[in-house]
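The block underneath contains the structure these notes are about, expressed in structure tokens.
No value in this document is a laboratory result; all are computed from the given coordinates. As the structure is a prediction and not an experimental result, all values here were calculated from the model. FYI the Cβ positions are ideal-geometry reconstructions off the backbone, even for glycines, and counts take in every protein chain you see.
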Amino acid sequence: MTDVQDRVAAPAEKTSVAATLFRFQSVFGLIVVFVAAIIFSPRKNGEILFVSADNLANVVRAVSEIGIIAVGMTFVILIGGIDLSVGAVLGLAAVGSAVLMVENDWGFLPSVVLVLAIGLVFGALQGVATAMIGIQSFIVTLAGLQIARGLARIWSGGQGVAIAYGDGPKEAPTSFALLGERTFGGLVPIPVIIFAVVAIAAVVFLRVSAFSRHLYAVGGNEKAARLSGVPVVRVKIAVFAICGLLASLAGIVHAVQLNQGSPNDGIGYELDAIAAVVIGGTSLAGGRGSVAGTVAGALLLGVLNNILALNNIDSNIQLLIKGLVIVAAAALQRLRPTS
Amino acid sequence: MTDVQDRVAAPAEKTSVAATLFRFQSVFGLIVVFVAAIIFSPRKNGEILFVSADNLANVVRAVSEIGIIAVGMTFVILIGGIDLSVGAVLGLAAVGSAVLMVENDWGFLPSVVLVLAIGLVFGALQGVATAMIGIQSFIVTLAGLQIARGLARIWSGGQGVAIAYGDGPKEAPTSFALLGERTFGGLVPIPVIIFAVVAIAAVVFLRVSAFSRHLYAVGGNEKAARLSGVPVVRVKIAVFAICGLLASLAGIVHAVQLNQGSPNDGIGYELDAIAAVVIGGTSLAGGRGSVAGTVAGALLLGVLNNILALNNIDSNIQLLIKGLVIVAAAALQRLRPTS
Amino acid sequence: MPDLVRMSAIGKRYGGVQACHEVDFVLGAGEVHALLGENGAGKSTLMKILSGDVTEYAGSIAINGAPVRFGGPTDAQAAGIAMIHQELDLVPGLSVADNIFLGRELRTPVRTVDRRRMEREARELLDRSGVSLDPRRPVGELRVGEQQLVTIAKAISLDARVLIMDEPTSALTSSEVERLFDVIRELRTGGVGIVYISHRMEEIAKVADRATVLRNGKFVTSFDPRELSTAEVVEAMVGRPVQTMFTTPDSDTGDELLRVENLKLKARRPRPGRRDPDGISLTVRAGEIVGLAGLLGAGRTELLETLYGVAPGGSRTGRILLQGKAILPRGPRHALAQGIGFVPEDRRTSGLVLFHSILANTVVSSLPSYGRLGVIARRMERAASTRMADRLRLKFGRLQDEVGTLSGGNQQKVVFGRMLLTEPKLLLLDEPTRGVDVGAKAEIYRLLGELAAQGLGVLLASSELPELVGVCDRVVVLRDGRDVASFSTADSGEGDLLAAAMGHLDVEGVQ
Amino acid sequence: GTTSERTSGAASPGSSKSCKGTDGKYTIGMSQANVAEPYRQRMDDDIKAAAKDVPQFDVKFADAAQDNAKQVADVENYITQQIDLLIISPNEAKPLTAVVKKAYDKGIPVIVLDRKVEGDAYTGFIGGDNVQIGREAGKYIAEKLLPSGGNVVELKGLAGATPQAERHEGFLEGIKGNPKVKVIAAASGDWLREKGQSQMDALLKANPKIDVVYSHNDPMAEGAYLAAKAVGREKEMKFTGIDALPIPSGGIKAVEQGRLSATFTYPTNGKEAIAAAKKILVDCGTIEKSQILPTRLIDASNATKIYAEENPTG
Ligand SMILES: Nc1ncnc2c1ncn2[C@@H]1O[C@H](COP(=O)(O)OP(=O)(O)OP(=O)(O)O)[C@@H](O)[C@H]1O
Ligand SMILES: Nc1ncnc2c1ncn2[C@@H]1O[C@H](COP(=O)(O)OP(=O)(O)OP(=O)(O)O)[C@@H](O)[C@H]1O
Ligand SMILES: [Mg+2]
Ligand SMILES: [Mg+2]
């Protein structure tokens, strides 16, 4: 029997270096793109524009909404599901915050709480449809996308609702405007901080909570999870609820950044978010992946967009380059030892 | 031994009625929606507008492109994949046919053949990326979507290319125009006939070909299929190639119906096609489903769109209703005895 | 004192199949109760009902005299009932420790997961059942046998009053089985009631106090296994006498079919725990059945995978000769084209599309022979499938039925039959009778004998020593990816094999 | 109008037949290309508002969601419903030509808004002129904002969209008069506010001296303003937009509140369309074949007044 022990222990040791490297594989792509960005960055007066502090702040600001959504999407994908409704929920939340604060003259807190609650409930309902009725989440959330978009259009009357700040009627509280400002010497946009807080909270949560074990179990082997007493239905509903909540948080951030809530906000964001998650190394089959990878994936996309824009690349060529980089980043993931 | 056989055989007879019913389950939804459409159809001078011959022709014509794409999508979903690039490939093909015939003055046959070949190769390349590199098809085709869209924009110069017919320079051959006409006393549009031919060919192909057994096996259990000697890689590449081919066929139909090839054609068609496939009872997990179901699913969506439009339902409310019907139709699929 | 468990008149129907019918079952504290029956007799179903996995059934259950009705596995666990499931139900992405404590994670005072304590306790549990596995390793990396040990550790950790073991040893070799029996005896002394399901008849007499036989979902008899011979037990299960268990073919062996010379595989990306061939030489003659013996992880599976061309990429040295011609196995299609067939170890994940029909599953490897130009002649494929079903004495309703509804042994026959339809020269079998009942086993052995007599060569990896000794002409013993001994079964026994496998004896077997 | 559209309004085959005078009840079908564009949503809203004053009218709306094929189906469905008049704002010209002709040939009067269809199988066209608007914007920048020259960046609409090309083309003509005005960079903002913002982030970074941002629509101009404001450079440059929708989130308000220096009206023609419909159906009259509404410059001097004019109720 000692014989067995040696046999197992030795190779485990040997590969652990490789394993550690692969654990951070999702960051590889980001590093590669980052270095490429520095190389290809335009320079002005000797300054490498890409790495200037405010450009980097812009890069992160630009991905903060997709990033927040992608964190929620990671949860959903980890349980083997998918959520196509996030972009539409973002739009609904953006409209909601604008309408409540501007047209209904609600205060900051009640508006934000109601909007977040709407996202949470919307997500939870989608969770119920997939977990309890057993409809595939792709189709539930495809329908959810249309429903959320329809609701947003009805709620806003079809037009963007402009947000003006002040204490008067038809003005949003100035406290709301703060969410869109920059801090730390005007350098770091608040949306970036919100994104960072969400991401760190999610990473810590996945690391220490029992719930996260359940989530991986549901994604990895649902039957085993059920037999072990994992409340599968509850986990699924909770995960979709979290995703809806984060999408509506992103919607609030969106509205405050653009001073407007429009029912057409967030069209197509779901695909960007999914791309960030997958580039970050999370398997669409469920059970395998991490939020840290997702953050790296979102930043990769952000850096890519930024460097293409800094160089004024033709928008059509940009499409080609982005497509190829996404495939390359995903291919990098395949180097992982366990397939 | 006989004892066991009896035990199994008798109830098998009993369930075969239910089985037969369930086999046509995907058609149930269509029938339900069809009957509802008749009931809710507006009437003019005693005529039920919905069932008038030219309205029905319009319904099928309107879904013919999505239908052709959905047939290819069925193949991809049967092997457990997904193809998000079909809408963009449709756009690329529409642009291609317009540019080749109008700007390059190519003949009908060479243009169509080249455009179909482009779709085939584009699909095959995506197949190679998923089958040989092992990247998830969702992400490969998400990138493929962007690449095809970018290519279409570049090829067309960013503008829709109008198609005029005639023998002169910068005119498309009149033989091409025939594809958009109606036949059988001006009633049945040729696109409908193309769709029907594609669908019937696909049904027959899936029924009799050895390839189809391989396809279902790959979707059902890829590892088992590989160990059984199924050429998994080749099957996957072939399936994506077929899907690309059919998407570009739909693009040709699109161009001829609209007398134009525009790089923005087909945006979002992939989701409609997937919805048709899933409503038709094909499992996104792969290995289970049928083209007949997909055709029923596509028609269901077409009838739904038509009856909502005939009743002039507000477009926002339409979004809500469509979302709910999609969920309901998918829920109906869950009644299947084996889950 | 009331019985620990009393199940009365239990009934369960799956569609047209009556899996259990009016079954009574009683388990006492400190009793090891074997549950026997052919594949599909209803053993697992009965126990799934007891463990709360199946919640809709007829009849009643009482625990310590108090009637219960569980709403799910959690309820049953709360009532002190734990079950080791036949199918290894673990989460591949989670670590061994996480799997063991899944659903009842240990917590720190601030409600976070106490990873350190879980790992420590997992290590202790594993030690207790005789394995040394790093509790931090992801379960997906473990070999099947190791996974089985993890499920055992997990069940033991529940400290249950009733422990149900549904074929806990199907992927284990004798030394792990012995350790498990030690654990079972320990638990029994502590008053735990144990239900033990196994198709390995020799285990029953060793460990069980009482045995109940089910047949076609009905109770047949109950007895003390130490008082009946194996033949009598088998007759009770099958309902008729089964002649000889093993039919060692003494047919003449023909020319050399397969020759493996000093085969080594160095994987490009080594996986922990994988034991790739590290210098294996052996031969298989036409008409010969050669066994592969070895401990857990000796490298049997990996050898067969390498020969079939499905091992992960890497550099290969040594030679493989098929009928005197050197071959480089490139993959299943290539292997099949050369006349090499392979029946994988895990039929559910690697063998079958469970929700496809029996027909589709049997013919998938031999489709080109049923038609022309890629078009299948349905009559031909049905005929072939029917022929194979008859030949294997497959128990089934209709060819259209989903293969997943068949019992385990019959599923195994379908995988087997699929390979036979390709008309191979050499058949590579990896644990072909895992989870297969005695009757079906006898049929598979009979069939192997027949095929060998027709000139087929067989390389059979098995963890069941009686099977190796009974079925094979010769057995090659592997250890650490090397062949360490070769025995003729005519003049060696299980003891010799085991000793060689464990490396205790420095026997060089008789060639 | 820049194009040589004949305005000789020989009554269309449809108009006389469908006119039933003031006692008639009329169903009008409005086929909109895409209500996800604020401009087009406003067009629908204007039509709805104007139709309220014509008791004989019952207007139905359809949204093609930016899909030519869907718009063809929408018009087909209107034909099936036997509507009395079709108003269409085509997604693109060529693809809608055939189905518009089909309606027209069936005797349904057709009013085409904003974007023309080909040929002359429609009753009347009402629209703006994007080339003209681009030219006006160019002139305004070259003459008013940068008389002594300067650097301009251009934020374009969605690649492939006709107005995008026309607003670009007109603009280049407009600034020709002042060679010291240089377009130093252009980026595509896909008509979207957030895309305008993130594109402007990069443009600001790459170009230390920007004097004017010429945006193909107001939302992108607003996005660009937000980007400049974030780095404290919004005072260094001027922003101009196009569309000037009289809604709270529209360009007129942005000018009024000082974010944009100017914007140019791109008339929705909703009111005019209902007036034309009334002329055809109720008054049994004829309408001009082509009616090009001029653009108006909105700047700080007239923004408040025009906003009030366009929204009489407030
Ligand atoms: N989920 C299910 N759906 C349909 N039929 C089932 C299901 N589970 C079991 N059956 C059927 O019920 C019968 C009893 O199955 P069960 O798994 O209890 O047999 P078993 O005695 O455990 O056999 P084995 O020794 O092969 O494990 C079989 O005929 C089987 O096909
Ligand atoms: N680290 C790993 N990752 C993935 N698969 C593995 C790993 N280690 C082993 N395997 C797989 O596990 C199987 C071997 O496990 P198995 O349970 O067959 O061992 P065994 O039968 O006890 O030993 P052997 O067959 O090697 O003598 C093979 O299919 C092998 O590919
Ligand atoms: Mg069983
Ligand atoms: Mg093995």
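Note on A:225-234: average number of Cβ atoms from other chains within 10 Å of each residue's Cβ is 6.
Near the amide H of C:GLY341, within less than 5 Å, lie the amide hydrogens of C:LYS425, C:LEU426, C:LEU427, C:LEU428, all on another chain or at least 5 residues away, with H placed in the peptide plane. Among beta bridges from DSSP that stay inside the protein assembly as shown, the antiparallel ones total about 45%.
For region B:177-221, what does the alpha-carbon gyration tensor say about shape, rounded, prolate or oblate, given a ≥ b ≥ c as the root eigenvalues, a/c under 1.5 as rounded, and a/b over b/c as prolate? It is prolate, given that a/c is not under 1.5 and a/b is the larger ratio. The 3J(HN,Hα) values that the Karplus relation (6.51, -1.76, 1.60; θ = phi - 60°) gives for region D:121-127 are, in residue order, 7, 8, 7, x, 10, 10, x Hz. Gly and Pro appear as x.
Of the beta bridges DSSP finds with both residues in chain C, what % are antiparallel, to the nearest 5? In chain C, approximately 60 percent of DSSP beta bridges are antiparallel ones. Remark: D:ILE79, D:ILE133 ranked as D:ILE79, D:ILE133, counting other beta-carbon atoms within 10 Å and listing the fewest first. Peptide B:291-298 has a mean shielding of 0, counted as Cβ atoms of other protein chains within 10 Å of each residue's Cβ. Charges were assigned to the Cβ only: +1 to each Lys and Arg, -1 to each Asp and Glu. The resulting dipole of the protein assembly as shown about its Cα centre is roughly 800 debye. Take B:VAL128, move 7 Å from Cα toward the beta carbon, and the resulting point lies 4.9 nm from the same point in each other copy, nearest first.
For the protein assembly as shown, the C-alpha radius of gyration sits at 1.02 times the compact-globule guess of 2.2 N^0.38 Å, with N the residue count.
The residues packed around D:GLY134, meaning those with a beta-carbon under 14 Å from its beta-carbon, carry a net charge of -2 if Lys and Arg are +1 and Asp and Glu are -1.
Region B:60-93 and region B:119-145 have Cα centres lying 14 Å from one another.
Over the residues of the protein assembly as shown, the helix contribution to mean residue ellipticity at 222 nm works out to -16000 deg cm²/dmol, using -39500 (n - 2.57) for each DSSP H run of at least 4.
Charged side chains reduced to their Cβ positions (Lys and Arg at +1, Asp and Glu at -1) give chain C a dipole of some 1940 debye around its Cα centre. Projecting the Cα atoms of C:ASN262, C:GLY239, C:VAL310 onto the charge dipole of chain C, computed from C-beta unit charges around the Cα centre, puts C:VAL310 farthest toward the positive end. Here A:ALA196 yields copy-to-copy label distances, from shortest upward, of 6.5 nm, the label point defined as 7 Å from Cα along Cα to C-beta.
Taking every DSSP beta bridge that has both ends in chain D, the antiparallel portion is near 5%. The H on the amide N of D:ILE242, modeled in the peptide plane, is under 5 Å from the matching H of D:ASN217, D:ASP218, D:PHE264, each at least 5 residues off or on a different chain.
Set the Cα radius of gyration of chain D against 2.2 N^0.38 Å, with N its number of residues, and you get 1.05. In order along region D:69-84, the Karplus-derived 3J(HN,Hα) couplings, from 6.51 cos²θ - 1.76 cosθ + 1.60 at θ = phi - 60°, round to 5, 5, 5, 4, 4, 4, 5, 4, 5, 5, 4, 4, 6, 6, 5, 8 Hz, and Gly and Pro are given as x.
Residues of region A:153-187 with backbone nitrogen within less than 20 Å of a virtual label 7 Å along the Cα-to-Cβ line of A:VAL113, please, listed as ranges. Inside the label zone: A:172-179. Amide H contacts of D:PHE125: D:VAL112, D:SER290, D:GLN291, each under 5 Å away and 5 or more positions distant or on a separate chain (H built 1.01 Å from N in the peptide plane; Pro and chain starts excluded). Counting only other chain Cβ atoms within 10 Å of each residue's Cβ, the peptide C:395-408 averages 3.
Sorting C:TYR14, A:TYR216, B:TYR165, D:TYR214 by the number of Cβ atoms found within 10 Å of their own Cβ, with the fewest placed first, yields C:TYR14, B:TYR165, A:TYR216, D:TYR214.
Averaging the Cα positions of each part gives two centres, and for region A:216-254 and region C:316-330 these lie 50 Å apart. Tell me, what is a quarter of the convex hull surface for the C-alpha atoms of region B:52-335, in nm² with one decimal? Quarter of the Cα hull surface area: 15.6 nm².
Exceedance of the 28 Å cut-off in Cα-Cα distance is limited, within the set D:LYS209/D:LYS305; B:LYS236/C:LYS395; D:LYS48/D:LYS305; D:LYS101/D:LYS278, to D:LYS209/D:LYS305; B:LYS236/C:LYS395. Cα gyration tensor of chain C, axes a ≥ b ≥ c as square roots of the eigenvalues: rounded (a/c below 1.5), prolate (a/b > b/c) or oblate? Prolate is the answer for chain C, as a/c is 1.5 or above and a/b outweighs b/c. What's the center-to-center distance, using Cα atoms, between region D:51-108 and region A:284-308 in Å? First find each Cα centre; the distance between them is then 44 Å.
3J(HN,Hα) along region B:206-212, derived from phi through the Karplus expression 6.51 cos²θ - 1.76 cosθ + 1.60 where θ = phi - 60°, amounts to 5, 7, 10, 8, 5, 4, 5 Hz, with x in place of Gly and Pro. Remark: A:GLU103, C:GLU345 ranked as A:GLU103, C:GLU345, counting other beta-carbon atoms within 10 Å and listing the fewest first.
In this label model, B:ASP105 and A:ALA328 are separated by 4.1 nm, measuring between points 7 Å along each Cα→Cβ vector. May I ask for the net charge around B:ALA53, where only other residues with Cβ less than 15 Å from the Cβ of B:ALA53 are counted and Lys, Arg are +1 while Asp, Glu are -1? Counting the neighbours of B:ALA53, the net charge comes to 0. Using a 7 Å projection from Cα along Cα-to-Cβ, the label point at A:GLY166 is separated from the same position in the remaining copies by 6.0 nm, smallest value first.
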